[in-house]
1. Identify, from the list 244, 261, 221, 227, the residue that is more than 30 Å from residue 195 (Cβ to Cβ) and crowded, with 16+ Cβ neighbours inside 10 Å.
2. Please enumerate the residues belonging to region 238-259 that are part of a loop (DSSP other than H, G, I, E, B) and touching a residue at least 24 places away in the same chain (Cβ under 8 Å).
3. Here are the criteria: (1) in contact with a strand residue (DSSP E or B) (Cβ under 6 Å, 6 or more places away or on another chain); (2) more than 30 Å from residue 65 (Cβ to Cβ). Tell me which single one residue 132 does not satisfy.
4. Out of 284, 267, report the one residue that is out of contact with any strand residue (DSSP E or B) (no Cβ under 6 Å at 6 or more places or on another chain) and either free of Cβ contacts under 8 Å to residues at least 12 places away in the same chain or not in a helix (DSSP H, G or I) (or both).
5. Go through (1) under 21 Å from residue 230 (Cα atoms); (2) modelled with pLDDT of 85 or more one by one and return the number of the condition residue 86 breaks.
6. Could you tell me which numbered condition residue 5 fails, if it satisfies all but one of (1) modelled with pLDDT under 85; (2) touching a strand residue (DSSP E or B) at 6+ places or on another chain (Cβ under 9 Å)?
7. Go over the candidates 258, 217 one by one and state the one that is over 26 Å from residue 183 (Cβ atoms) and touching a helix residue (DSSP H, G or I) at 6+ places or on another chain (Cβ under 6 Å).
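The values are calculated or read from the model by the stated rules, or taken from the named source; none is laboratory data. Please read all numbers here as calculations on a predicted model, not as lab measurements. Counting neighbours? That spans all protein chains shown, and the Cβs are built from the backbone with ideal geometry, glycine included.
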């Protein structure tokens with residue numbers, strides 16, 4: 001009882017204020033770039049440059065990526081064509097920027113779907129256990145036994161090369177690592193003291209999952225997603241290199257590698273530039289994932 005106004009108070013009434021303060025402090029630390037590891041800063045800057053370049057491609061590309069000038073085939077760098085032209089006289093820089101939009105968007109889309117599906121399944125398995133958990137984990141074992149590239153090639157070869165088939169193939173082979181990681185992290189978090197305290201207070205399983213388990217599992221899942229992005233990007237490029245990805249007249253970095261390979265001795269940039277674009281983009285996101293891991297380890 002309060003001595004001033006006679007109203008009933010409890011320890012729980014005063015708890016939210018410190019919690020809000022702690023949360024806002026954590027939010028400010030995330031926004032403060034000075035607290036970020038060097039790998040996270042470098043990776044984020046590189047990735048922002050790549051993404052902005054791809055977004056602005058329709059306005060900043062020097063030429064139409066599909067325009068052919070056969071009289072200017074396989075020319076070197078010049079003021080008109082900074083990276084030269086390909087075997088059909090198309091501007092390499094414009095095609096590189098336009099093709100990157102497909103490669104990066106497909107990799108990001110399939111990674112996002114895989115992360116959401118895998119995380120939800122992993123969290124459900126951690127909470128329900130039993131037959132459902134056993135079935136999902138055995139299914140992940142089967143899918144993990146086959147490389148994601150092999151699964152994608154199998155589906156694309158059966159269903160035909162298209163953007164939707166490519167997304168389906170990459171998602172089918174990509175959700176399993178997230179399911180295993182989310183399940184393991186959720187089980188580990190579920191054994192902590194504050195989870196037992198929440199259960200003793202009568203909190204529902206859904207509330208505990210959304211309020212305690214999922215927020216604490218986001219950091220390792222985000223780090224894993226960043227590390228998986230490079231793998232997705234390389235897989236998309238490899239499928240396009242084999243002719244199972246984007247189809248002409250469209251292009252992406254993998255198909256540009258395949259098209260330029262026969263002319264590598266005369267114009268090595270046709271292979272170097274797409275390969276370098278894949279490397280830099282994958283490296284930027286991998287550095288971000290490593291930085292998130294370092295920051296998480298510092299907090300623990």
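1. The conditions single out 244.
2. First, pick out the residues of region 238-259 that are part of a loop (DSSP other than H, G, I, E, B): 242-252.
Answer for region 238-259, where residues must be part of a loop (DSSP other than H, G, I, E, B) and touching a residue at least 24 places away in the same chain (Cβ under 8 Å): 242, 243, 244, 245, 246, 247, 249, 250, 251, 252.
3. Every condition holds for residue 132 apart from (1).
4. Working: 284 fails: either free of Cβ contacts under 8 Å to residues at least 12 places away in the same chain or not in a helix (DSSP H, G or I) (or both).
Selected residue: 267, the only one of 284, 267 that is out of contact with any strand residue (DSSP E or B) (no Cβ under 6 Å at 6 or more places or on another chain) and either free of Cβ contacts under 8 Å to residues at least 12 places away in the same chain or not in a helix (DSSP H, G or I) (or both).
5. Result: residue 86 passes all but (1).
6. Going through (1) modelled with pLDDT under 85; (2) touching a strand residue (DSSP E or B) at 6+ places or on another chain (Cβ under 9 Å) one by one, residue 5 breaks only (2).
7. 258
Residue-wise test of (1) in contact with a strand residue (DSSP E or B) (Cβ under 9 Å, 6 or more places away or on another chain); (2) closer than 17 Å to residue 263 by Cα; (3) in a loop (DSSP other than H, G, I, E, B).
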position: 58; (1), (2), (3): no, no, no
position: 64; (1), (2), (3): yes, no, yes
position: 71; (1), (2), (3): no, yes, no
position: 75; (1), (2), (3): yes, yes, yes
position: 79; (1), (2), (3): no, no, yes
position: 89; (1), (2), (3): no, yes, yes
position: 97; (1), (2), (3): no, no, no
position: 102; (1), (2), (3): no, no, no
